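*Asks:* The following block contains the structure, expressed as structure tokens.
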Amino acid sequence: MAEVDPEVDPESKFVETLPWHVVVLDQLENVLSRGRLPNAIALVCPTGWGLASLSERVVQIVAELDPEQIPSQLAHQDVRWIEPEGAVLKIDQIRRINEFAVHTVQSAPRKVALVLHADRLNANAANALLKTLEEPPGNTHIVLATEHWAKLMPTIRSRCQRWNVRPDANLALRWLQERNDAVDSDRFADAGFAPLLYDNESMPITALLAQLQQSTLGQIVKAEDLTTTDFLARWYRHTVRLTADSLSGRGPEDERKTAAEGLQRIGEKILDVRRQLLSSNAANETLLLEDLTQGWRKSGNPGS
């Protein structure tokens, strides 16, 4: 399922501060108050925990924007907001940041450029950005926001001060309970306990996999208003949970081990297909999904 976007209230147009972001935002306020804000920052936030929301708040604070100014929707001379075009961030987008970095501050106390999903930088874009990170202009701050820290080039990681959002399932559950009459424990687990992936009306993954016996994955995601990568993420989390259950469950050890190995294999394949779809605009989605589905059916539908 796609990450829910609660961060901008449609009535007030304010960015919501999510409770598990407070530690990072307090850290930001602290370094700002001491005049020690790094020129290069990496915001690391797991999927389903509000990377976009955190990024909006950080840019607002650094550029000292009005609370009703939403950075991702804003045309501001001292702010740049860059998102992937398709599956990747391209060199032309990074060149615009590099040009922005050398300009003089106009009206804000400092300039800030935010690169959302920075792990999707292609090789040329990453190398172009590295040049600016190596010698950042004064009063310019580049924020790389990512759900996948390890996918950033090591040379880029080494030049960023890293700030992490720590998942807290109990805090997330309380936040959800404030917004729902009831939180279904199975659906919460299906979302990997990530609050912004939770959907109180979503069809359980087991029901979706039952449909996969006869329908194509493309037909299912269209009917359920999902994206392919969302479906694959849910399917992968499901196999991980079942693998753990198999290893810790009852029954002969060799049978439990065999079941777990089968789940691990399909999980690795699901993850590989999802990575290809997220990292390349040239990936042949139809062929990848057909191969994945056929392999799953031939292996006995593990996890269904």
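*Asks:* Could you say which residue among 264, 214 is more than 30 Å from residue 181 (Cα to Cα) and part of a loop (DSSP other than H, G, I, E, B)?
*Replies:* Going through 264, 214 in turn, just one is more than 30 Å from residue 181 (Cα to Cα) and part of a loop (DSSP other than H, G, I, E, B): 214.
*Asks:* Still on this model: Residue 281 versus (1) in a helix (DSSP H, G or I); (2) touching a Gly at 6+ places or on another chain (Cβ under 8 Å): which is the lone unmet condition?
*Replies:* (1)
*Asks:* In region 177-201, what residues are in a helix (DSSP H, G or I) and either touching a His at 6+ places or on another chain (Cβ under 6 Å) or among the small types (Gly, Ala, Ser) (or both)?
*Replies:* 185, 189
*Asks:* Still on this model: Of these, 113, 189, 126, which one is in contact (Cβ under 8 Å) with a residue 24 or more places away in the chain, of a type outside the set (Asp, Glu) and over 22 Å from residue 80 (Cβ atoms)?
*Replies:* Sole residue among the options that is in contact (Cβ under 8 Å) with a residue 24 or more places away in the chain, of a type outside the set (Asp, Glu) and over 22 Å from residue 80 (Cβ atoms): 189.
*Asks:* So if I check each of 81, 149, which one is aromatic (Phe, Trp, Tyr) and either in contact (Cβ under 8 Å) with a residue 60 or more places away in the chain or surrounded by fewer than 17 Cβ atoms within 10 Å (Cβ to Cβ) (or both)?
*Replies:* After applying the criteria, what remains is 149.
*Asks:* Okay, next question. Return yes when residue 303 is in a loop (DSSP other than H, G, I, E, B), in contact with a helix residue (DSSP H, G or I) (Cβ under 6 Å, 6 or more places away or on another chain) and either exposed (fewer than 12 other Cβ atoms within 10 Å of the Cβ) or not assigned by TED's automatic domain parsing to the domain that holds residue 122 (or both) and no when it is not.
*Replies:* yes
*Asks:* How many residues are within 21 Å of the chain's Cα centre (by Cα) and surrounded by fewer than 16 Cβ atoms within 10 Å (Cβ to Cβ) if we restrict to region 200-223?
*Replies:* Looking only at that region, the number is 1.
*Asks:* Suppose we filter region 285-294 for residues that are without any contact (Cβ under 8 Å) to a residue 60 or more places away in the chain and exposed (fewer than 14 other Cβ atoms within 10 Å of the Cβ); how many remain?
*Replies:* 3
*Asks:* Something else: Can you say whether residue 89 is closer than 20 Å to residue 279 by Cα and either of a type in the set (Val, Ile, Thr) or touching a residue at least 24 places away in the same chain (Cβ under 8 Å) (or both), as far as the supplied structure shows?
*Replies:* Here the answer is yes, as residue 89 does meet what is asked.
*Asks:* Look through 48, 138 and report the one residue that is at pLDDT below 95, in contact with a helix residue (DSSP H, G or I) (Cβ under 7 Å, 6 or more places away or on another chain) and either surrounded by fewer than 21 Cβ atoms within 10 Å (Cβ to Cβ) or more than 22 Å from residue 154 (Cβ to Cβ) (or both).
*Replies:* 48
*Asks:* Another question about this same structure. Conditions first: (1) loosely packed, with under 15 Cβ neighbours inside 10 Å; (2) modelled with pLDDT of 95 or more; (3) β-branched (Val, Ile, Thr). Residue 102 passes all but one, so which condition is the exception?
*Replies:* Of the numbered conditions (1) loosely packed, with under 15 Cβ neighbours inside 10 Å; (2) modelled with pLDDT of 95 or more; (3) β-branched (Val, Ile, Thr), the odd one out for residue 102 is (2).
*Asks:* Go through 245, 272, 254 for me and flag whichever is in a helix (DSSP H, G or I), closer than 23 Å to residue 207 by Cβ, free of Cβ contacts under 8 Å to residues at least 12 places away in the same chain and not assigned by TED's automatic domain parsing to the domain that holds residue 151.
*Replies:* Exactly one residue qualifies, and that residue is 245.
*Asks:* Taking the criterion of being free of Cβ contacts under 8 Å to residues at least 40 places away in the same chain, outside the structural domain of residue 49 (by TED's automatic domain parsing) and touching a Phe, Trp or Tyr at 6+ places or on another chain (Cβ under 9 Å), would at least one residue in region 162-174 satisfy it?
*Replies:* Checked against the condition, which is being free of Cβ contacts under 8 Å to residues at least 40 places away in the same chain, outside the structural domain of residue 49 (by TED's automatic domain parsing) and touching a Phe, Trp or Tyr at 6+ places or on another chain (Cβ under 9 Å), region 162-174 yields at least one hit.
*Asks:* Restricting attention to region 87-108, does a residue exist that is small (Gly, Ala, Ser), in contact with a Ser or Thr (Cβ under 9 Å, 6 or more places away or on another chain), assigned by TED's automatic domain parsing to the domain that holds residue 152 and in a loop (DSSP other than H, G, I, E, B)?
*Replies:* Yes, region 87-108 has at least one match.
The values are calculated or read from the model by the stated rules, or taken from the named source; none is laboratory data. Just so we're clear, the structure is a prediction, and the values are computed from it rather than from any experiment. We place every Cβ from the backbone using ideal geometry, glycine too, and count neighbours over all the protein chains shown.
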